[in-house]
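Asks: Have a look at this one.
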Amino acid sequence: MAGPLLPVSEALSRLLSRARAVDEAEWVDLAQADGRVLAQDLAARLTQPPFNASAMDGYALRAEDAPAIGAELRVIGEAAAGHAFGGQVGQGEAVRIFTGAPVPEGADAVLIQEDAEVLQDGRIRTAFAVTKGRHIRPKGQDFALDETVLPAGTLLDHAHVTVAAAMNHPRLSVLRRPRVALIATGDELIAPGQTPRADQIIASNTFGVAALIKAAGAEVIDLGIVPDDSGLIEAAIDQARALRADVLVTLGGASVGDHDLVQASLKAKGMELDFWRIAMRPGKPLMVGSLDGMQVLGLPGNPVASLVCSLLFLEPLLCLLAQRPLPSRPATAITETTLAQNDQRQDYLRATLRRDVEGRLQAVSFGKQDSSMMKIFARSDALIIRPPFAPELPAGSPCPILLLRPFVG
């Protein structure tokens, strides 16, 4: 007996309860650190700025020498970024200074060049009252030596790698990416670019699932297309184990039909099966188990079903393993059309999104929801969620959705 269908929420809970975050660290060059998770606190190796620096082009001077408009000062030198003025600013003196240059000793303010009248005899006249500290970036304003600026667990982006570079770190310790072995099974499958026979189809869902795996911060180990042969399937499983995959994802063949050999092959290699039938549409034949510490996720062979299951189960699993935040997909919209009463399986209806005249987010479901229709999935912005046994939902009612991508309409 196959047993009852498992609710989606329970299936996800059981899948994640087995998962353990990857805590192994590795060193990467700063140029490759974007999108990685910091494995340890990152402290500054220097103070920034390392000196009092001018924030503007102008003149460094003593504020007490120019308390009011019309003060005249003698220009005694120049300071530019990378070229400090070596002397000291005394009473009635000023130094021509440029942005980023060290403020000379004795000076405590900068008069911007627009507020200085240049006289003929090497002097300037102020056109603005100067206050102490004006237009100066004090030493250590950004960060100080040994200050922890980025804590462990930070998901590094463009801003983080910039500050890491400023802290003088050429390499960073980051968490290892989870390794995901991907196997597509089926005699009917051929790779894109080949000419299919009348009884063959192009293997397409491998590429979508692989893209999702990478977006979740994991590494893809593509083991290719494996024919419906138990020996070859078992050999591919052995290869995934040898490559120390954290997760094995199979595409197709996870059911129990005469030609569905994946589940039996995995059991033959020692997989502990947790469950394999979910109360959802599309994606009922989803298989979850474990094999010597390797998580096993058997996705349906149907391309749309495999992608929906990847969003619901694989993405949360990989984000947990990679210690990355889960993308914000749940939202609420207004259904444009009446949605029919549902049966015992949770439905995920492909839909486009738009704004109604009141500015509310509106979901427009496609009339035909056959799970083989990839074109509709590619055009969709969201999935409308219809819970099990949900009654008819009139047009204009709020409904839960899952965003497939950020909506900016």
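Asks: Which of the residues spanning the stretch 75-109 are small (Gly, Ala, Ser) and within 44 Å of the chain's Cα centre (by Cα)?
Replies: Within the stretch 75-109, Ala79, Ala80, Ala81, Gly82, Ala84, Gly100, Ala101, Ala109 meet the criteria.
Asks: Now a separate question. Restricting the first residue to the stretch 108-126 and requiring it to be of a type in the set (S, T, N, Q), which pairs with a second residue that is surrounded by 12 or more Cβ atoms within 10 Å (Cβ to Cβ) meet a Cβ separation below 7 Å and a spacing of at least six or different chains?
Replies: Going by the 7 Å Cβ cut-off, the qualifying pairs are Gln113/Asp57; Gln113/Gly58; Thr126/Ala66; Thr126/Ile69; Thr126/Ala71; Thr126/Leu111; Thr126/Asp115; Thr126/Ala116.
Asks: Check off (1) small (Gly, Ala, Ser); (2) surrounded by fewer than 17 Cβ atoms within 10 Å (Cβ to Cβ); (3) under 30 Å from Asp228 (Cα atoms) for Gly359 and give me the number that stays unchecked.
Replies: Gly359 satisfies all of (1) small (Gly, Ala, Ser); (2) surrounded by fewer than 17 Cβ atoms within 10 Å (Cβ to Cβ); (3) under 30 Å from Asp228 (Cα atoms) except (3).
Asks: While we're looking at this one, here's another question. Here are the criteria: (1) in contact (Cβ under 8 Å) with a residue 60 or more places away in the chain; (2) under 26 Å from Lys375 (Cα atoms). Tell me which single one Leu243 does not satisfy.
Replies: (2)
Rundown of residues vs (1) surrounded by 19 or more Cβ atoms within 10 Å (Cβ to Cβ); (2) of a type in the set (A, V, I, L, M); (3) in contact (Cβ under 8 Å) with a residue 60 or more places away in the chain, yes/no style:
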{"site": "Pro325", "(1), (2), (3)": "no, no, yes"}
{"site": "Ile334", "(1), (2), (3)": "no, yes, yes"}
{"site": "Gln341", "(1), (2), (3)": "no, no, no"}
{"site": "Leu349", "(1), (2), (3)": "yes, yes, no"}
{"site": "Ala363", "(1), (2), (3)": "yes, yes, no"}
{"site": "Met373", "(1), (2), (3)": "no, yes, yes"}
{"site": "Ile384", "(1), (2), (3)": "yes, yes, no"}
{"site": "Ser397", "(1), (2), (3)": "no, no, yes"}
{"site": "Leu404", "(1), (2), (3)": "yes, yes, yes"}
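Asks: Any idea which of (1) within 30 Å of Leu320 (Cα to Cα); (2) touching a residue at least 24 places away in the same chain (Cβ under 8 Å); (3) not in a strand (DSSP E or B) is the one Asp187 doesn't satisfy?
Replies: (1)
Asks: Which condition breaks for Ile202 when tested against (1) more than 21 Å from the chain's Cα centre (by Cα); (2) loosely packed, with under 13 Cβ neighbours inside 10 Å?
Replies: (2)
Asks: Sticking with this one: Determine, yes or no, whether Leu223 is closer than 30 Å to Asp146 by Cα and surrounded by 14 or more Cβ atoms within 10 Å (Cβ to Cβ).
Replies: no
Asks: State whether the residues of the stretch 209-224 include one that is acidic (Asp, Glu) and more than 28 Å from Arg20 (Cα to Cα).
Replies: Among the residues of the stretch 209-224, not one is acidic (Asp, Glu) and more than 28 Å from Arg20 (Cα to Cα), which makes the answer no.
Asks: Of the residues in the stretch 265-309, how many are among the aliphatic types (A, V, I, L, M), closer than 25 Å to Asp238 by Cα and in a loop (DSSP other than H, G, I, E, B)?
Replies: Counting residues in the stretch 265-309 that are among the aliphatic types (A, V, I, L, M), closer than 25 Å to Asp238 by Cα and in a loop (DSSP other than H, G, I, E, B) gives 2.
Asks: For the stretch 1-49, enumerate the residues that are assigned to a loop (DSSP other than H, G, I, E, B), crowded, with 16+ Cβ neighbours inside 10 Å and among the polar types (S, T, N, Q).
Replies: Once the filter is applied, which keeps residues that are assigned to a loop (DSSP other than H, G, I, E, B), crowded, with 16+ Cβ neighbours inside 10 Å and among the polar types (S, T, N, Q), the stretch 1-49 yields only Thr47.
Asks: Is it the case, given these coordinates, that Ala152 is modelled with pLDDT of 95 or more, over 30 Å from Ile97 (Cβ atoms) and part of a strand (DSSP E or B)?
Replies: So Ala152 does not fit the description; no.
Residue-by-condition table, conditions (1) crowded, with 21+ Cβ neighbours inside 10 Å; (2) touching a Cys at 6+ places or on another chain (Cβ under 6 Å); (3) not basic (Lys, Arg):
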residue	(1), (2), (3)
Met271	yes, no, yes
Arg277	no, no, no
Met280	yes, no, yes
Val296	yes, no, yes
Glu315	no, no, yes
Gln346	yes, no, yes
Gln369	no, no, yes
Ile376	no, no, yes
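Asks: Looking at the stretch 11-62 only, could you name the residues that are polar (S, T, N, Q) and in contact with a helix residue (DSSP H, G or I) (Cβ under 7 Å, 6 or more places away or on another chain)?
Replies: Residue satisfying the conditions is Gln48 alone.
Asks: Moving on. Would you list the strands (runs of 3 or more DSSP E) that sit entirely within the stretch 327-370 and hold 2 or more residues that are under 19 Å from Ala305 (Cα atoms) and among the hydroxyl-bearing types (Ser, Thr, Tyr)?
Replies: Answer list for the stretch 327-370: 346-355.
The values are calculated or read from the model by the stated rules, or taken from the named source; none is laboratory data. What you see is a predicted model, and the numbers here were worked out from it, not measured in a lab. So basically every Cβ, Gly included, is an ideal-geometry build from the backbone, and we count neighbours across all protein chains shown.
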